[in-house]
Amino acid sequence: MKLFASALLVLGVVSAASAETIRVYVGTYTNAKSKGVYLIDLDSETGKLSNLRVAAEVTSPSFLAIHPTKKYLYAVSEVSEGKKRTGAVTAFSINEDGSLKKLNHQSSEGAGPCHLVVDASGKSVLVANYGGGSIASLPIAEDGSVGAAASAIQHTGSSKNPNRQKEPHAHSINVDPSNKYAFAADLGLDKVLVYKLDAANAKLTANDPPAGVVEPGSGPRHFAFHPAGKTCYVINELANTVTAFSFDADSGKLTPVQTISTLPKDFKGTSYTAEVVVHPTGKLLFGSNRGHNSIASFVINDMGHLTATRHQAKGIKTPRNFAVDPTGTFLLVGNQDSDSIVVFRINTNDGELTPVGEPYSVPMPVCIRFLRTEKR
């Protein structure tokens, strides 16, 4: 009996030791309810969210990126300032308790910045300006602050949809696993523009070939790489589809190989996609539908092609951004219009999402980013 009790005690200790608290940073649109960037604790075993607090007060930090050293956080601010009436990129240092200290901010060199990313070396931050239809790259100093843009590139052109594609709208910017190329999904042009990245000098230059192209009227929005680095995916906001590209790491060439709907075949209403995320295992892909109000799950085969498996709509309303936690166990969805985040446990075989608890109240969540802390 004593041996049995001892065994249970050891198991309990092991279980407790394996649990950890993961910090969840939430970017928001500021209004009467929201004050800026929020911080929540995620229990890595149960998926429970707790301890909501303000990490930093800043105007409309709608999208966030964390430095590879985990010492700094960057946010776009959808403001209008300066003679050019541009948005901003704000740099923060991350305090030991997870709160944020503002370091400085710089112009995003375009109106309506909506997405940003830090390159793998941590030497540059890249930003996409939706309203201005442009992108920019800003150097990161040793203290984590950002310098004035080293590159600012204006997109030109239009596409099929007269309401949404009369001009360029850069909606996201991402970097490939080799850190050699940057990819700007432009909703207004129906292109994923490819740039060569000189991270050390925070410089972007046009690549040849210059872009991956989707069907006219698709409206490419967000972009994600498969962890193997040979396939990547763009979610198309206006067409409610995901396009898979094969990627040539030597030339930067994107070749479309498949386009698949994010919606059920019997859905007849109006819907627009938002986010696309590849699971860390490389076996699953998820996309969000606003209107159908769901997360679509796909299985990825060995060729990088997608097969739709199911939709999860429970507790979801206007799912702007969502993210898979660092352990690959949970998927967190930000409900922009219902002021909440919902947590789902992921079945890594088929992408089934099982709700965990009730929606957690957060004012107007737009972006979710994780930072792992020490184990308890």
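Where a number appears in this text, it was derived from the coordinates with a stated rule and is not lab data. Please read these numbers as outputs of a predicted model, since none were measured by experiment. All Cβ positions, glycine included, derive from the backbone under ideal geometry; neighbour counts span all protein chains shown.
Once you've got the GNM for the chain with C-alpha springs shorter than 10 Å, pick whichever of Leu138, Leu238, Leu64 has the biggest mean-square fluctuation.
The residue with the greatest mean-square fluctuation here is Leu238.
Within straight cross-link reach of Lys84, meaning Cα distance under 15 Å, which aspartates and glutamates are found once same-chain residues fewer than 8 apart are removed?
Counting by Cα, and skipping residues close in sequence, Lys84 has these aspartates and glutamates nearby: Glu109.
What nm distance separates the two modelled labels at Thr259 and Asn347, each placed 7 Å from Cα along Cα→Cβ?
3.1 nm
Return the subset of Lys166/Lys191; Lys71/Lys123; Lys35/Lys102; Lys35/Lys83; Lys83/Lys123; Lys230/Lys283 for which the Cα-Cα distance in this structure is over 22 Å, preserving the input order. It would help to have the intermediate numbers written out before the result.
Details: Lys166/Lys191 14 Å; Lys71/Lys123 13 Å; Lys35/Lys102 14 Å; Lys35/Lys83 26 Å; Lys83/Lys123 28 Å; Lys230/Lys283 14 Å.
Over 22 Å apart, Cα to Cα: Lys35/Lys83; Lys83/Lys123.
Which ordering of Asp250, Asp337, Asp186 is given by a fewest-first count of other beta-carbon atoms within 10 Å? Before the final figure, lay out each step's value.
Values: Asp250 8, Asp337 12, Asp186 29.
Ordered by Cβ neighbours within 10 Å, fewest first: Asp250, Asp337, Asp186.
Taking the Cβ of each residue in Val343, Val127 as the centre, tally the other Cβ atoms inside 10 Å and list the residues starting with the fewest. Please report the intermediate quantities before stating the final value.
Details: Val343 26, Val127 32.
Taking fewest neighbouring Cβ atoms as first place, the list is Val343, Val127.
Convert each backbone phi in the range 199-215 into a coupling constant with the Karplus relation 6.51 cos²θ - 1.76 cosθ + 1.60 (shift: θ = phi - 60°), then list the ³J(HN,Hα) values in order as whole Hz, x for Gly and Pro.
Using θ = phi - 60°, the values come out as 5, 4, 10, 6, 10, 10, 9, 4, 8, 10, x, x, 6, x, 10, 10, 4 Hz.
Taking the simple approach of a point 7 Å from Cα along Cα-to-Cβ for both Ser271 and Leu371, what is their distance in nm?
My value for the distance between the label points is 3.5 nm.
Give me Thr69, Thr243 sorted ascending by neighbouring Cβ count inside 10 Å, so fewest comes first. If you can, show how the numbers build up before the last one.
Working: Thr69 10, Thr243 26.
Starting with the residue having the fewest Cβ neighbours, the order is Thr69, Thr243.
Hey, what did the chain get for relative contact order, percent, Cα under 8 Å, at least 6 apart? Mind dumping the intermediate values first?
Numbers: 1143 pairs, mean separation 46.0, N = 376.
So the answer I get is 12 percent.
Comparing Lys265, Lys102, Lys160, which has the greatest mean-square fluctuation in the GNM of the chain with Cα pairs linked when under 10 Å apart?
Taking springs between Cα atoms under 10 Å, the residue moving most is Lys265.
Kindly express, to the nearest 10 degrees and within the range 0 to 90, the angle between helix 2-18's C-alpha long axis and the longest C-alpha principal axis of the chain.
20 degrees
Karplus couplings for the range 295-306 from phi (6.51 cos²θ - 1.76 cosθ + 1.60, θ = phi - 60°), rounded to Hz, Gly and Pro as x?
These are the phi-based 3J(HN,Hα) values: 10, 8, 10, 9, 9, 9, 8, 5, 8, x, 7, 10 Hz.
At 222 nm, what helix-only mean residue ellipticity would the chain give, in deg cm²/dmol to the nearest 500, using -39500 (n - 2.57) for each DSSP H run of four or more? Intermediate values should be presented prior to the final figure.
Numbers: 1 runs with 17 residues, N = 376.
The helix-only estimate for the chain comes to -1500 deg cm²/dmol at 222 nm.
Whole angstrom only: what separates the Cα centroid of the range 330-376 from the Cα centroid of the range 104-121?
25 Å
Roughly how many nanometres apart are two label points built 7 Å out from the Cα toward the Cβ at Asp250 and Ala141?
That separation, rounded to one decimal, is 4.2 nm.
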